[in-house]
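I have placed the structure first, in the form of structure tokens, so that the comments after it can refer back to it.
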Amino acid sequence: MVMHSTLENRIEVLAEITESYQEILTQEALEFVVKLHTHFNARRLELLRKREARQKSIDNGIFPDFLPETEQVRQGDWQAAPCPADIQDRRTEITGPVDRKMIINALNSGAKVFMADFEDSNSPSFANNMDGQINLRDAINRNIDFTADNGKTYQLKEKHAVLFVRPRGWHLEDKNIVVDGEAVSGSLVDFGLYFFHNAKTLLENGTGTYFYLPKLESHLEARLWNDVFVFAQNELGIPQGTVKVTVLIETILAAFEMDEIIYELREHMCGLNAGRWDYIFSAIKKFINYPDRIFPDRIQVGMTTHFMRSYAKLLVQTCHKRGVHAMGGMSAFIPSRKDEEVNQKAFTKVKEDKDLEAQTGFDGTWVAHPDLVAVAMDSFNNVLGDKPNQKDETKSQAYEITAEDLLNFDVKGGKITEEGMRTNLNVGILYVESWLNGVGAAALYNLMEDAATAEISRAQLWQWIHNEGVTLEDGRSVNLALYEQILPEELAKIKEYVGEERYKNGKFSLATELFDKLVKQPKFEDFLTIGAYQYI
């Protein structure tokens, strides 16, 4: 079965609908998606046009600042609605894609929350998205297990993490689901199908429908999400305020509107998250044409640099002023099964990072691997003790963060190195190839790479090559000639890394072609996944 039509043939599913997918793509569920699309897609498209206009303003020298028209919101004495009891303690959260084994292991990991991801760690093939909806439904109904090829079985424990779901961002569309000839927003597909099938069951289970919202660039985009939630709850007869969300502050523009974003979602809001990797990508991207704002190697841009430290402090201050959780960023380290020395060094860095977050005032943090749950938990246990969070802390109210702090991209001692160029090229191509094969969370060189970290690699190469006068630490110019020189050398390293057979049978030629085009083309492309999406 290739097409499923409802509502007088308004909606088409342009992919094979297997018997199991029919359980998700029911007549009623598709009608719900059509209603969401009909009510909200025009506004979504208008907001995307506003993003383009905002970028043109930045290119013309009008830099971001706190909005004068919303000063009353920032200065007002108000708080968001209270959060439910089961998400008051979020001291460690684990994230990952929506495949079956990952869901079981993450829910069983000992973390307080698992964020199941349809976004940056998920390659959004039709099969991945539909299987993800089935897997989440089964987990919520405690009807999930998994048997690996080696015969090992995985089952859900009685006590497990609370479930959050991250839909795709507003900029992404689902090419496989079309209404009136128009592709439906990936956000509305992911949210709509999940909410339709699970909202009532989650309520019966004593919890709620909890979401992470990615890539917002303004409070108007948050307002759109809020209106979606109000509409959806009314449509299904779910009490208003049942939906609770945490917004990822992972664009530099959103950092100037944190109060306003919380305000727009105040009946559904339970926190902001410092989405560090996308935030770095956003900072590079928004100022990519400014030669005086060139970033050094990505490994040198950490949470102690001025603009990142400022953003973290402002996020904690804003959240606690409004009575919601401040959530720390992702630790992307993947433990090695072979090299204990590598692990010890990495665990030390992870502990330092999580200690800093807890001491700054964050209420919890993210990890990408179950082995890091205990490390992160210890950092927050040492600060929180028996308290579920530190929303009542007061030291963050003394932070004084200005627009200049948020835009101070100086990295003391920062350098661009040949090794940094090579790493960006190598990891970027490896990730795109993984994504094309349906794996959006790629374990590469003991780090969990997702679309955000690949975007940093791609954006840095473009920025260094297309701005005149950029040099390596040894004085050599960074230009297309240097890039062309190291490209074949890195492809040889990739072949050695993955093995001859894997390289021959993989999609490395296509991945290289796509990545190479993105780096070389004169206009910087907003997201690498948009062009690559047609190939999955």
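The values are calculated or read from the model by the stated rules, or taken from the named source; none is laboratory data. Here the structure is a predicted model, which means the values were calculated and not measured. A quick note on method: Cβ atoms are made from the backbone with ideal geometry, for glycine too, and the neighbour counts reach across all protein chains shown.
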Q.
Quick test for you: out of F164, F195, pick the one residue that is assigned to a strand (DSSP E or B) and within 23 Å of the chain's Cα centre (by Cα).
A. F164
Q. Residues of segment 369-402 being part of a helix (DSSP H, G or I) and touching a His at 6+ places or on another chain (Cβ under 9 Å), which ones?
A. S396, Q397
(Q) On the basis of being of a type in the set (G, A, S) and closer than 18 Å to P370 by Cβ, does A358 make the cut? (A) no
Q. Does I334 satisfy the condition of being closer than 22 Å to I280 by Cβ and either at pLDDT below 95 or surrounded by fewer than 17 Cβ atoms within 10 Å (Cβ to Cβ) (or both)?
A. yes
(Q) Given the criteria in a loop (DSSP other than H, G, I, E, B) and either in contact with a Ser or Thr (Cβ under 7 Å, 6 or more places away or on another chain) or modelled with pLDDT under 95 (or both), does G413 qualify? (A) yes
Q: Check off (1) in contact with a Leu (Cβ under 9 Å, 6 or more places away or on another chain); (2) more than 23 Å from L436 (Cβ to Cβ); (3) among the hydrophobic types (A, V, I, L, M, F, W, C); (4) not in a loop (DSSP other than H, G, I, E, B) for W170 and give me the number that stays unchecked.
A: (4)
Q. Has segment 167-189 got any residue that is within 27 Å of S109 (Cα to Cα), among the small types (G, A, S), over 15 Å from the mean Cα position of the chain (by Cα) and surrounded by fewer than 23 Cβ atoms within 10 Å (Cβ to Cβ)?
A. no
(Q) Among the numbered criteria (1) in a loop (DSSP other than H, G, I, E, B); (2) buried (at least 24 other Cβ atoms within 10 Å of the Cβ), which one does W366 miss? (A) (1)
(Q) Filter segment 433-487 down to the residues that are of a type in the set (G, A, S), in a loop (DSSP other than H, G, I, E, B) and farther than 28 Å from G506 by Cβ and list them by number. (A) G469, G475
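The rows are residues; the columns are (1) buried (at least 19 other Cβ atoms within 10 Å of the Cβ); (2) polar (S, T, N, Q); (3) without any contact (Cβ under 8 Å) to a residue 60 or more places away in the chain.
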position: K200; (1), (2), (3): no, no, yes
position: L203; (1), (2), (3): no, no, yes
position: G208; (1), (2), (3): yes, no, no
position: Y212; (1), (2), (3): yes, no, no
position: E221; (1), (2), (3): yes, no, no
position: F229; (1), (2), (3): yes, no, yes
**Q.** Residue within segment 496-510 that is buried (at least 22 other Cβ atoms within 10 Å of the Cβ) and touching a residue at least 12 places away in the same chain (Cβ under 8 Å) present
**A.** no
**Q.** Residue list for segment 282-303, filter: surrounded by 16 or more Cβ atoms within 10 Å (Cβ to Cβ) and either of a type in the set (S, T, N, Q) or assigned by TED's automatic domain parsing to the domain that holds Q521 (or both)
**A.** S282, Q300
Q) Which condition breaks for A481 when tested against (1) surrounded by fewer than 21 Cβ atoms within 10 Å (Cβ to Cβ); (2) modelled with pLDDT of 95 or more; (3) within 14 Å of L430 (Cα to Cα)? A) (3)
(Q) Please determine whether any residue of segment 127-140 is outside any helix (DSSP H, G or I), assigned by TED's automatic domain parsing to the domain that holds G169 and among the polar types (S, T, N, Q). (A) no
Q) Can you name the condition, by its number, that K523 falls short on among (1) outside any loop (DSSP other than H, G, I, E, B); (2) more than 25 Å from G414 (Cβ to Cβ)? A) (1)
Q. Can you find a residue in segment 336-345 that is within 20 Å of the chain's Cα centre (by Cα), outside the structural domain of A443 (by TED's automatic domain parsing) and β-branched (V, I, T)?
A. no
(Q) Looking at the structure I just gave you, is D405 of a type outside the set (G, A, S), in a helix (DSSP H, G or I) and either out of contact with any Asp or Glu (no Cβ under 6 Å at 6 or more places or on another chain) or without any contact (Cβ under 8 Å) to a residue 60 or more places away in the chain (or both)? (A) yes
Q: Tell me which residues, restricted to segment 71-99, are in a helix (DSSP H, G or I), surrounded by fewer than 19 Cβ atoms within 10 Å (Cβ to Cβ) and in contact (Cβ under 8 Å) with a residue 40 or more places away in the chain.
A: V73, R74, D86
Q.
Would you confirm, using the coordinates I've provided, whether E501 is within 28 Å of the chain's Cα centre (by Cα), in a helix (DSSP H, G or I) and not small (G, A, S)?
A. no
